[in-house]
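Quick note: the coordinates plus some simple rules give every number you see, no bench work behind them. Because the structure is predicted, anything quoted here is derived from the model rather than measured. Positions of Cβ are backbone-derived with ideal geometry, glycine not excepted, and every protein chain shown enters the neighbour counts.
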Amino acid sequence: MKDSLEALEKEGDKDFKSLQRSIEGWSKSFTDTLADMLQGKKTFSDLIDSITNDIARINIQRGITLPTINSLLGMPGSSNLGLIGGMFSGGGSLLGGR
């Protein structure tokens, strides 16, 4: 049970760091777009487009990209090796003994 809790804690830390990076990226993008708008380089519509794109990017990363990578590589700290990890779990050569 202790191992499960430690794995859950590590996964939570990883998810928090990922969310933190997403927020930092969004903040920089928003700040840059807002500064451009205030300088007359962009319009309010450009600001809304930037926010919409950032939200879409975050949702794609969290809903598609990360789960796909996790399923291919397996979850850290678990017995799930994933698709790629499972290819090497038998100890054999990927090239068929060459």
Per-pair calculated FRET efficiency, R0 = 30 Å: Leu5 and Leu34 via Cβ, rounded to 0.05: 0.10
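Placing unit charges on C-beta atoms (Lys and Arg positive, Asp and Glu negative, everything else neutral), compute the dipole magnitude of the stretch 1-46 about its Cα centre in debye, rounded to 20.
On the way: 8 positive and 10 negative charges, 44 e Å.
The calculated dipole for the stretch 1-46 is roughly 220 debye.
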Geometric extent, Cα atoms of the stretch 3-65 - Rg, Dmax (angstrom): 15.9, 55
Within straight-line cross-link reach of Lys10, lysines at Cα separation under 24 Å, skipping those fewer than 8 residues along the same chain: Lys2
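Of the lysine pairs in the stretch 13-69, how many meet both conditions: Cα atoms under 27 Å apart, and a spacing of 8 or more in sequence or different chains? Write down the numbers at each step before the final one.
Details: Lys14/Lys28; Lys17/Lys28; Lys28/Lys41; Lys28/Lys42.
So the count works out to 4.
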Under 5 Å, built H, 5+ apart or other chain: amide partners of Lys42: Met37
